[in-house]
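Working notes, beginning with the structure itself.
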Amino acid sequence: MVLLMNDPVYALLWPRSLFVWEATRILELPAGDDEWVSKVSHLLLEAYEDEGVASAFLAALPTNNAFLRQAGVPQSDALARVWLTELLNDESRLGPYKAPVYWAERNANSLASDQPYETFAQDFFELVDKLQEAGYFPKVLAKDCVDDPLDLDDVRKTIRRATKLDVPWHMTGEEILALGDGAVYSLVEYFHDQAQRPRTATYHSYGKCGLHYQNWNSQSGQSVYRWRVNTLLESHRVPLRLGTSGEEQGRLIRVFDSPLNDLATQQIAQRADDPEDEVAHAVRMYRARSATVVDKRAAIALLYGELEPKRTSMKKKVSSADESDLFRIANQFTIRHRDKAQKSDFGEEFLDWTFWTCLATANLMDEIAVRNIAANSDYPSESCESAV
């Protein structure tokens, strides 16, 4: 007996923004693609918790209606595009899936381990296995097919050539913990670069081999990978995330409170067209996983270099006292200069505060400049202002 799901639960496993982004990209593919319907079906299977959503999609198409097939209705993806467009416009079908939380989990004092790296490392390699099964690593971890078995020695050599790490594949739990955090985090970044999302799949029945995947897309695969890994890092309270834009994309960066991270990411995105931009370089330097106190001071010095020519404008747009206080930090603490008379007995918390204050000020001046240009005001040219 075959059960037909007439009323599926529309609950997204993926973040809504990620699903809408990928679905829109598929909608923009040209008409006449024979595999277009399969791409939508595969996306629905992966992104929704209930497989019935994909079944409902296929059932709505004329070519999947037995009566219409017998009547000779030609195949077309037009109705499929209408169905997907309506789905994206229906708020009620884009809600998040909420997994049930049972008694033991509800009553636990803390779900996070006292050793976040160790538990993250084990869960990360489990995630790699799951993504391999879903076809996400066609170059380095291809389908282990009965007709073409995966050569694990080749996998090991491929990883070693790229990362300079000699790791066995697959690894036991003890081998994973023996790697050390540097090796694990290198592999986190390596598999990001390898991730490609397959948009279609076919079933290989011989030997119950299972699904074989096709139509890979790197942008989609890396986006899904970043979401999955960053969710793991957050749940294990590891203070790192995979960057999402510019030169930080796919590289582990230190994480701060969400508004601060949003500000830094926004600045990098706005300045992505200029690889020499010092503000973007300062942000990357400061958020780098390996950032030292020396790196942090250098990053702050770069931000002060950005603000220095704008001091006259700052006095007009913020109070003169605020401008004076901000630059007093630069000149009286060992940040830009080294002098015995300067203060040096401060911790990294002070550097954090100074960095974010400077970055927020730079962002404020950018926004003021944009508003003034839009209003055709006589906003002074920063290049003509003298440093005070």
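The values are calculated or read from the model by the stated rules, or taken from the named source; none is laboratory data. In this text, all values refer to a predicted model and were calculated from it rather than measured experimentally. Every residue, glycine as well, gets a Cβ built from its backbone with ideal geometry; the counts of neighbours run over all protein chains shown. Quick note on the areas: whole protein, heavy atoms, side chains included, nothing else; ligands and nucleic acids left out. Shrake-Rupley method; radii C 1.70, N 1.55, O 1.52, S 1.80 Å.
Taking 45 Å as R0, compute the FRET efficiency from the Cβ-Cβ separation of residue 357 and residue 122 and round it to 0.05. Numbers along the way, then the final one.
Working: r = 39 Å, r/R0 = 0.87.
Efficiency, from the Cβ-Cβ distance: 0.70.
Tell me, what is the FRET efficiency for residue 7 and residue 103 to the nearest 0.05, using R0 = 30 angstrom and their Cβ-Cβ distance as r?
Plugging the Cβ-Cβ distance into 1/(1 + (r/R0)^6) gives 0.55.
For the pair residue 17 and residue 166, how long in nm is the line joining their label points, each one 7 Å along Cα→Cβ?
Here the modelled spin labels are 4.4 nm apart.
If we count every other residue with Cβ under 12 angstrom of residue 263's Cβ, Lys/Arg +1 and Asp/Glu -1, where does the sum land? Mind dumping the intermediate values first?
Values: positive: 287; negative: 257, 262, 366, 367.
Spelling it out: positives minus negatives among the neighbours equals -3.
Using a 1.4 Å probe on the protein heavy atoms, what percent of the accessible area of segment 191-259 belongs to carbon and sulfur? Don't skip to the end; give the middle numbers.
Numbers: 1570 of 3280 Å².
Ligands and nucleic acids excluded, carbon and sulfur give 48 percent.
Give me the one-decimal nm value for the distance between modelled label points at residue 367 and residue 35, 7 Å along each residue's Cα-to-Cβ direction.
With each label point 7 Å from Cα toward Cβ, the separation is 4.5 nm.
Classify segment 166-259 from the C-alpha gyration tensor, please: rounded if a/c falls under 1.5, else prolate or oblate depending on whether a/b exceeds b/c.
Numbers: a/c = 2.41, a/b = 1.38, b/c = 1.74.
Taking the square roots of the gyration eigenvalues as a ≥ b ≥ c, segment 166-259 is oblate.
Please give the contour-minus-distance gain from residue 82 to residue 181: 0.36 nm per residue of separation, less the Cα-Cα distance, rounded to one decimal in nm. Walk me through the intermediate numbers first.
Working: separation 99, 0.36 × 99 = 35.64 nm, distance 4.80 nm.
So the extension gain works out to 30.8 nm.
Sum up the charges of everything whose Cβ sits under 12 Å from the Cβ of residue 182, counting Lys and Arg as +1 and Asp and Glu as -1, but leave residue 182 out. Intermediate values should be presented prior to the final figure.
Working: positive: 164, 289; negative: 181, 189.
Around residue 182, the charge tally is 0.
Using the Cβ atoms and a cut-off under 14 Å, what net charge is assigned to the surroundings of residue 231, where Lys and Arg are +1 and Asp and Glu are -1?
Net of charged neighbours comes to +2.
Report D for segment 232-288 in µm² per second (integer): Stokes-Einstein, Kirkwood Rh on Cα pairs, 37 °C, 0.692 mPa s.
Values: Rh = 11.5 Å.
Estimated via Stokes-Einstein, D reaches 286 µm²/s.
What FRET efficiency comes out for residue 92 versus residue 215 if R0 is 25 angstrom and r is the Cβ-Cβ distance? Round to the nearest 0.05.
0.25
Test of the criteria: in segment 24-62, which chymotrypsin sites (Phe, Trp or Tyr not before Pro) are in a DSSP loop and have at most 11 other Cβ atoms within 10 angstrom of their Cβ?
Answer by residue number: there is no such site.
Grab the Cα-Cα distance for residue 349 and residue 147, subtract it from 0.36 nm times how many residues apart they are, and report the gain in nm with one decimal. Don't jump to the answer; show the numbers that get you there.
Details: separation 202, 0.36 × 202 = 72.72 nm, distance 5.77 nm.
Full extension of this stretch gives 66.9 nm more.
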